[in-house]
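The values are calculated or read from the model by the stated rules, or taken from the named source; none is laboratory data. Because the structure is a prediction, the values reported are computed rather than measured. A quick note on method: Cβ atoms are made from the backbone with ideal geometry, for glycine too, and the neighbour counts reach across all protein chains shown. Areas reflect the complete protein model, heavy atoms only, side chains present, ligands, DNA and RNA absent. Shrake-Rupley method; radii C 1.70, N 1.55, O 1.52, S 1.80 Å.
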Amino acid sequence: MATRINPYLNFNGNCEEAFNFYKKAFGGDFRMISRAGDNPMEVPENEKNRIMYIELPIGEHDNLMGSDIFESFGQQLVIGNHNYVSIAVDSKAEADRLFYALSDGGEIEMPISEQFFGYFGSFKDKFCISWMIIFEG
């Protein structure tokens, strides 16, 4: 059985906005989108439109997954620097395309450029998610 890594991202009420941004960068359609109000669980009115689960294919075998947190369940979102989504691509052109599309409105940590290990760049997007893009060519 092959192992796949599917990044799972949590948000505090702006999951749908973030995933529409990612959809614009990657293309394609959501494989699944589920809102709290569409499920049998009890949530306060102000959380019914929150995303319980969303999935966006970003490659042949890879998916970007996510959800909003639910404060009514005691969940709390803590923004940190301990997670990156690392994407290996097949060309410099695709590396540039994704780097600039996803970093739009964000904060570039390392501009995309030739490094000893490949063509690489890292950034935090406008939703505080950290990304690394690499072409190992």
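Here are the numbers:
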item	result
Unique residue being under 12 Å from the mean Cα position of the chain (by Cα), within 28 Å of Gly137 (Cβ to Cβ) and surrounded by fewer than 17 Cβ atoms within 10 Å (Cβ to Cβ) when the list is Asn6, Asn20	Asn6
Matching entry among Ser67, Ser34, Ser130 (being free of Cβ contacts under 8 Å to residues at least 24 places away in the same chain, within 23 Å of Ile5 (Cα to Cα) and within 19 Å of the chain's Cα centre (by Cα))	Ser34
Those residues of segment 116-137 which are assigned to a strand (DSSP E or B) and on the phi > 0 side of the Ramachandran plot, in sequence order	Gly118
Residue selected from segment 116-137 under the condition surrounded by fewer than 19 Cβ atoms within 10 Å (Cβ to Cβ) and charged (D, E, K, R), by the criterion farthest from Phe11 (Cα to Cα)	Glu136
Pairs, first closer than 25 Å to Glu16 by Cβ in segment 115-127, second open to solvent by 50 Å² or more (accessible area, probe 1.4 Å) and modelled with pLDDT under 95, C-beta under 6 Å, six or more apart	Phe123/Glu109
Cross-chain or 6+ apart pairs with Cβ under 6 Å, segment 99-111 first and in contact (Cβ under 8 Å) with a residue 60 or more places away in the chain, then aliphatic (A, V, I, L, M)	Ala101/Ala25; Leu102/Ala25
